[in-house]
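S.K.: Have a look at this one before I ask anything.
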Amino acid sequence: MVKDCLSCGRENPDDLAYCNHCGARLESKPSENVRSGPKICTHCGAANPPYASFCLNCAKDLVQIPAGAAAARYCGWCGAPALADARFCGRCGHDPAGPSTSHAEIEQPQRSSKPLIAGVLMIGAGVLEIASGVRTLTTDVSSAAGIPSEFVSSIQGMLQFCGVLSLVFGLIVGAGAIFAFRRRYHVLALVAAIFGMLGVGLFSLGSVFSIIALVLLAVSADDFED
């Protein structure tokens, strides 16, 4: 025995609860009044007059044309046998293909470009800081006019210390830029940007770059893996 679907008019085995073709619930003994009820579109869910062949809301075909005889398969949701061309399982009413794993249907998180911009700024700040350190280390105050000879060694030592400190700060900022590019170690990238703010560089551009990078890193925490 078979059941006629009230929604699409297709025949289904008598033991099914849902139509294999449109997914509508099957009634065992439909009356003429029920048969004359509205047609429910399987695409948008809109109710249509019983005489309609196309959905008045989305213009989709209300009657599914058979694709021909096909071998049976099993529903990926409940495991019940289903026709190979069936769009809905007769037992559970789901798509027999089962849960979709298509990449097109999986919502991919949108990744911001802020960490990349911050990384570029930090590279600029690191280069300026290293250049400032090299310049400070190579500065000779012994030949500078107006500096008493008893202070030359002290000033030279202070310049050497500041130069080494600038080199270290520049390397730290460069490491933070790598973290920003790789979107890893968010906290370390923030710390590196703070070190960049402490530097001077050419016209204090390194500090400006580091401040902007710090703001970008702070608002893009979700883009980092850890």
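The values are calculated or read from the model by the stated rules, or taken from the named source; none is laboratory data. The model shown is predicted, which means the values in this text are computed figures rather than measured ones. When we count neighbours, we look across all protein chains shown, and the Cβ atoms used for this are built from the backbone with ideal geometry, even at glycine.
S.K.: Restricting the search to region 102-142, which residues are β-branched (V, I, T) and modelled with pLDDT of 85 or more?
M.R.: Pass one, region 102-142, residues β-branched (V, I, T): 106, 117, 120, 123, 127, 130, 134, 136, 138-139, 141.
Answer for region 102-142, where residues must be β-branched (V, I, T) and modelled with pLDDT of 85 or more: I117, V120, I123, V127, I130, V134, T138.
S.K.: Determine the pairs where a residue that is within 14 Å of L214 (Cβ to Cβ) and touching a residue at least 40 places away in the same chain (Cβ under 8 Å), located within region 109-129, has a partner that is hydroxyl-bearing (S, T, Y) and in a helix (DSSP H, G or I) with Cβ atoms under 8 Å apart, the partner being 6 or more residues away or on another chain.
M.R.: Cβ pairs passing all conditions: L121/S210; M122/S210; A125/S207; A125/S210.
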